[in-house]
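So the structure is just underneath, and the comments pick up after that.
What follows is calculated from the coordinates using simple rules that are stated; it is not laboratory data. Computed from a prediction, not measured in an experiment: that's the story for all the values here. With ideal geometry, Cβ positions are generated from the backbone for all residues, glycine too; neighbour counts draw on all protein chains shown.
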Amino acid sequence: MLNVPVRLALLLALSSTVLAEPAIRIINREFPDGSRSSRYIDSSKRESTETFLDSSLRLTHKVVYKLDDRLAPVSAIMYNSKGVIYQKSAYKTDGEDRVIQEVIYGPKDNLLGTKNYIYSQRGGGGIAVSVDTYDANGNLIQTPRLSKSGKRNR
């Protein structure tokens, strides 16, 4: 028979294994226009793949993300419906794992531009209130402010 400290250590080890986040997770979303996406997250590989389908369930594109230790995106490769790379992105996140900057590259690693995401300071919002977009030369491209719901204001 095991003594009390050994039984307690064994119980704690088993509990942490059961309570740990699953290595693989799938998140399905449906959008108002009838399109949808399915995101497959493999935390053990630090990778996530999101597949997008139109309302007729035809593949439109796929995004493969590399994730950090906290499962926040580090980079992404975007593929069209034929599996051809059309864009790459590198992300910077803040302490709340929100993407604050996206550097966008073409399929041959040529710089296309940068997006800086600005979040509301009120209420600890996780929704960007505006996005400053810059072209490959660093010139600001005017973008509209976003409403609280994340939609563009007119």
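Observations
- Amide H contacts of Ser75 (H built 1.01 Å from N, under 5 Å, at least 5 apart or other chain): Lys66, Tyr91
- 3J(HN,Hα) couplings calculated from phi for region 25-31 with the Karplus curve 6.51 cos²θ - 1.76 cosθ + 1.60 (θ = phi - 60°) are, in sequence order, 9, 10, 10, 10, 10, 10, 9 Hz; Gly and Pro show x.
- Residue ranges 130-140, 75-85 sort as 75-85, 130-140 when ordered by packing (mean number of other C-beta atoms within 10 Å per residue, highest first).
- Paramagnetic reach from Asp94 in region 64-85 [backbone N under 17 Å; point 7 Å along Cα→Cβ]: 72-73
- Amide H partners (placed H, <5 Å) of Ser130, local residues excluded: Ile118, Leu146
- Dipole check for region 21-141: with +1 at the C-beta of Lys and Arg, -1 at the C-beta of Asp and Glu, and the Cα centre as origin, the magnitude is about 280 Debye.
- If you take all other residues with their beta carbon under 10 Å from the beta carbon of Val99, and give Lys and Arg +1 and Asp and Glu -1, the sum is 0.
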